[in-house]
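*Asks:* So that we are looking at the same thing, I have put the structure below in structure tokens.
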Amino acid sequence: MQYKSLIGMEIHVQLLTRTKLFCGCEVQFGTEPNTRVCPVCVGLPGSLPAINLHAVELAIRAGLALQCTIAGFTKWDRKSYYYPDLPKNYQISQYDLPIASQGILEYELHGERRPVRIRRAHLEEDAGKNLHDSPGMTQVDLNRTGTPLLEIVTEPDLHSAEEAFAFANELHRLLVYLGVTEGVMKKAQMRFEPNVNVIITHEGVEYATPICEVKNLNSFKALRSAVDFELQRQLAEWQRDHDYTLASCGKENRGWDDDRQETVYQRGKEEAHDYRYFPDPDLIPIVVDDAWQECVRKALPEMPLARRNRFMQDYGLGLKEATLLIEDRPTADLLDAAVKAGGPGNILAKHFISFWQQHANSRECTIAQLGVTAPRLAELANLQQLGRISSSAAATLSEALFSSDQSPAEIARQRGLEQVQDRGAIERLVDDALADNPQAVELIRLRDKKWEKSLGFLQGQVMQKSKGSASPILVREILMQKLDLNQG
Ligand code: ZN
Ligand code: MN
């Protein structure tokens with residue numbers, strides 16, 4: 001028996017706006033129930049919605065980053081259903097003319113880039129929340145009603161739980177990076193709904209298991225576990241009964257039980273005609289002209305994966321370090337700014353991943369939030385580059401930059417952190433070291449296999465004699481000179 005797993009994703013992303021999609025109520029999590037509501041978002045008769053332009057702009061930004069085509073003309077549709085947390089009995093969404101379509105997002109797995117086609121992305125409003133806290137009673141909180149969402153739908157281009165997990169993480173990273181969403185999973189600002197089924201080839205016949213949509217997963221871990229469980233379950237089910245197919249059983253909606261780590265049947269899935277979609281007569285269509293689209297496109301930053309690769313290439317960072325640095329966009333911006341201010345990229349990058357990161361950790365903030373400006377970061381790195389301070393002196397100095405407005409060079413001078421640059425003094429130390437270690441000198445003169453090791457050893461001896469204060473660059477230069485190592 002051969003089989004192939006097919007997974008497509010629907011992702012609801014809460015857009016980072018101050019107010020709701022069609023009214024001026026503030027979007028606020030965790031406030032007293034039903035205090036962020038108005039006649040529009042609770043759907044009182046006669047109230048009229050007005051479009052939040054910023055939400056539309058964020059949708060365009062996300063669409064462009066996902067390499068989608070942005071629709072020049074889109075409209076709003078009413079999706080009818082009846083549920084206590086939906087007071088209007090319809091949700092305002094976009095049906096046949098989504099704002100973005102036909103895009104692509106690449107994610108990385110095992111060092112390999114894999115593309116996922118984006119079918120569409122449309123704007124819609126969120127529903128409220130049913131609270132089941134009191135026994136025998138359900139309460140409704142409408143604070144969330146009308147919160148702007150972007151629903152992103154992919155083609156079934158994912159083939160394992162691992163791939164779904166990696167893709168979801170990449171999408172999350174991208175949209176947070178772009179400021180499209182805050183992306184706080186605990187506040188359900190990103191919800192995943194994987195559509196899962198398996199194509200089985202058995203004795204020359206192809207069977208497709210029912211497409212099961214697992215609703216409302218709000219963690220990456222739950223997503224991975226649910227997809228994993230669902231694939232195993234469908235295979236087992238089909239093996240028991242070869243009639244467990246899409247053709248016989250149709251689509252299914254399932255929920256995820258996190259305690260029991262299994263999916264649970266909810267209902268047969270609705271088809272579009274059940275929702276009785278029709279254009280909302282209270283809202284005007286959206287026209288996105290080329291100028292508007294261009295304006296949003298121009299403001300797009302470098303994409304995270306591209307930036308990570310550039311950091312690896314230009315600043316000599318490893319994969320893990322580069323990934324860490326791009327995770328927080330202001331911090332990555334600060335590194336670029338410090339390089340622009342004249343700092344050496346490779347040394348700056350080392351400073352970032354060592355002591356600046358440590359300062360940030362101990363203060364429970366990001367490197368950007370430490371408040372050290374790009375020119376000062378650059379100057380500190382430059383002192384080290386020029387050999388005026390050692391790397392450990394740079395670390396010591398970094399701490400002083402918080403409490404002093406003086407330049408790094410001045411602080412280094414005052415605290416005696418500068419390395420000895422006095423050529424004569426270092427020459428004397430080198431002469432001593434050479435006299436003390438004739439064996440090493442001989443190995444170098446003979447160009448013995450280990451001559452480079454011997455040179456390192458001599459350099460160490462000189463540094464020791466200077467109690468670590470000599471400039472290593474100068475020490476090496478003088479050593480090379482005295483040993484006639486300068487040519488070749
Ligand atoms: Zn409102
Ligand atoms: Mn939706």
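The values are calculated or read from the model by the stated rules, or taken from the named source; none is laboratory data. This is a predicted model, so every value here is computed, not measured. For neighbour counting, all protein chains shown are included, and Cβ atoms are generated from backbone atoms with ideal geometry for every residue, glycine included.
Residues checked against (1) in contact with a Gly (Cβ under 6 Å, 6 or more places away or on another chain); (2) aliphatic (A, V, I, L, M); (3) at pLDDT 95 or above; (4) closer than 15 Å to Pro375 by Cα:
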| site | (1), (2), (3), (4) |
| --- | --- |
| Met312 | no, yes, yes, no |
| Lys320 | no, no, no, no |
| Pro330 | no, no, no, no |
| Val339 | yes, yes, yes, yes |
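*Asks:* Kindly provide the set of residues from the stretch 1-31 that are charged (D, E, K, R) and within 15 Å of ligand 1 (Cβ to nearest atom), ordered by number.
*Replies:* Within the stretch 1-31, Arg18, Lys20, Glu26 qualify.
*Asks:* Scan the stretch 384-411 for residues that are in contact with an Asp or Glu (Cβ under 8 Å, 6 or more places away or on another chain) and at pLDDT 90 or above and jot them down.
*Replies:* Correct list: Ser407, Pro408, Ala409.
*Asks:* Going residue by residue through the stretch 108-119, is there one that turns out to be outside any loop (DSSP other than H, G, I, E, B), within 30 Å of Asp141 (Cα to Cα) and either of a type in the set (S, T, N, Q) or in contact with a strand residue (DSSP E or B) (Cβ under 6 Å, 6 or more places away or on another chain) (or both)?
*Replies:* no
*Asks:* Here's a follow-up. How many of the residues making up the stretch 8-50 are closer than 29 Å to Glu302 by Cα, β-branched (Val, Ile, Thr) and away from ligand 2 (no atom under 16 Å from the Cβ)?
*Replies:* Within the stretch 8-50, residues that are closer than 29 Å to Glu302 by Cα, β-branched (Val, Ile, Thr) and away from ligand 2 (no atom under 16 Å from the Cβ) number 3.
*Asks:* Answer yes or no: is there a residue in the stretch 359-372 that is crowded, with 17+ Cβ neighbours inside 10 Å, part of a loop (DSSP other than H, G, I, E, B) and in contact with a Phe, Trp or Tyr (Cβ under 6 Å, 6 or more places away or on another chain).
*Replies:* yes
*Asks:* Follow-up. Determine whether Ala65 is within 28 Å of Asp289 (Cα to Cα), modelled with pLDDT of 95 or more and either buried (at least 16 other Cβ atoms within 10 Å of the Cβ) or away from ligand 1 (no atom under 16 Å from the Cβ) (or both).
*Replies:* So Ala65 fits the description; yes.
*Asks:* Sticking with this structure for a sec: In this structure, is Leu150 within 16 Å of ligand 2 (Cβ to nearest atom) and assigned by TED's automatic domain parsing to the domain that holds Leu97?
*Replies:* yes
*Asks:* Then there is this: In the list Ile92, Ile152, Ile118, which residue meets the criterion of being on the phi < 0 side of the Ramachandran plot and either more than 23 Å from the chain's Cα centre (by Cα) or within 16 Å of ligand 1 (Cβ to nearest atom) (or both)? Show your work before the answer.
*Replies:* Working: Ile152 fails: either more than 23 Å from the chain's Cα centre (by Cα) or within 16 Å of ligand 1 (Cβ to nearest atom) (or both); Ile118 fails: either more than 23 Å from the chain's Cα centre (by Cα) or within 16 Å of ligand 1 (Cβ to nearest atom) (or both).
From the options Ile92, Ile152, Ile118, the qualifying one is Ile92.
*Asks:* Enumerate the helices (runs of 4 or more DSSP H) found wholly within the stretch 386-488, keeping only those where 2 or more residues are touching a residue at least 40 places away in the same chain (Cβ under 8 Å).
*Replies:* 391-403, 423-436, 438-445, 472-482
*Asks:* Looking at Arg117, is it among the charged types (D, E, K, R), surrounded by fewer than 17 Cβ atoms within 10 Å (Cβ to Cβ) and touching a Gly at 6+ places or on another chain (Cβ under 8 Å)?
*Replies:* Considered against the rule, which asks whether it is among the charged types (D, E, K, R), surrounded by fewer than 17 Cβ atoms within 10 Å (Cβ to Cβ) and touching a Gly at 6+ places or on another chain (Cβ under 8 Å), Arg117 comes out as yes.
*Asks:* Which count do you get for residues in the stretch 226-251 that are touching a residue at least 12 places away in the same chain (Cβ under 8 Å), out of contact with any Lys or Arg (no Cβ under 6 Å at 6 or more places or on another chain) and not in a helix (DSSP H, G or I)?
*Replies:* The total comes to 4.
*Asks:* For Ile70, which of the numbered conditions (1) modelled with pLDDT under 95; (2) over 30 Å from Leu131 (Cβ atoms) fails to hold?
*Replies:* It fails just one condition, (1).
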